[in-house]
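Undergrad: Provided herewith is a single structure, encoded as structure tokens, for subsequent inquiry.
Quick note: the coordinates plus some simple rules give every number you see, no bench work behind them. Note that this is a predicted model, so its numbers are computed, not measured. All Cβ positions, even for glycine, are placed from backbone atoms using ideal geometry, and neighbour counts span all protein chains on display.
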Amino acid sequence: MHLDGKAHKFGADTTVVLPKGSVHQIFNVGPMPLEIVGIFAATPVGTMLPDGEGIELPWRS
């Protein structure tokens, strides 16, 4: 995972907490499928690229 410009490793059965407004990207580098469950403190969730351009999520929040 990249979080605010730094690489962080995590493995199976890990809980990752991301600060509000953090720039992050999660990568699957292993041979098994990656499953993510996202829990958000509030909705709607605003998502954007690092340059501020908005991104549509594939689900309704």
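Undergrad: Out of every Cα-Cα pair in the chain, what percent are more than 19 Å apart?
TA: 39
Undergrad: Could you compute the FRET efficiency for Val17 and Asp51, with r as their C-beta to C-beta distance and R0 at 22 Å, rounded to 0.05?
TA: Once the sixth-power term is evaluated, E becomes 0.35.
Undergrad: Positive end of the charge dipole of the chain (Lys, Arg +1 and Asp, Glu -1 on Cβ, about the Cα centre): tell me which of His8, Ile26, Thr47 has its Cα farthest that way.
TA: Of the options given, the answer is His8.
Undergrad: Most fluctuating residue of Gly21, Gly46, Gly30 in a GNM of the chain with Cα springs under 10 Å: which is it?
TA: So, out of Gly21, Gly46, Gly30, the one fluctuating most is Gly30.
Undergrad: Okay, next question. Which ³J(HN,Hα) values in Hz, rounded to whole numbers, follow from the phi angles of the range 19-29 under the Karplus curve 6.51 cos²θ - 1.76 cosθ + 1.60, where θ = phi - 60° and Gly and Pro get x?
TA: Taking θ as phi minus 60°, the curve returns x, 4, x, 6, 8, 9, 8, 10, 10, 9, 10 Hz for the range 19-29.
Undergrad: Now for a different question. Cut-off 10 angstrom, C-alpha nodes, Gaussian network model of the chain. Which of Pro50, Pro31, Pro19 fluctuates the most?
TA: Pro31
Undergrad: Here's a follow-up. Could you grab the relative contact order for the chain? Cα pairs under 8 Å, six or more apart, rounded to a whole percent.
TA: 25
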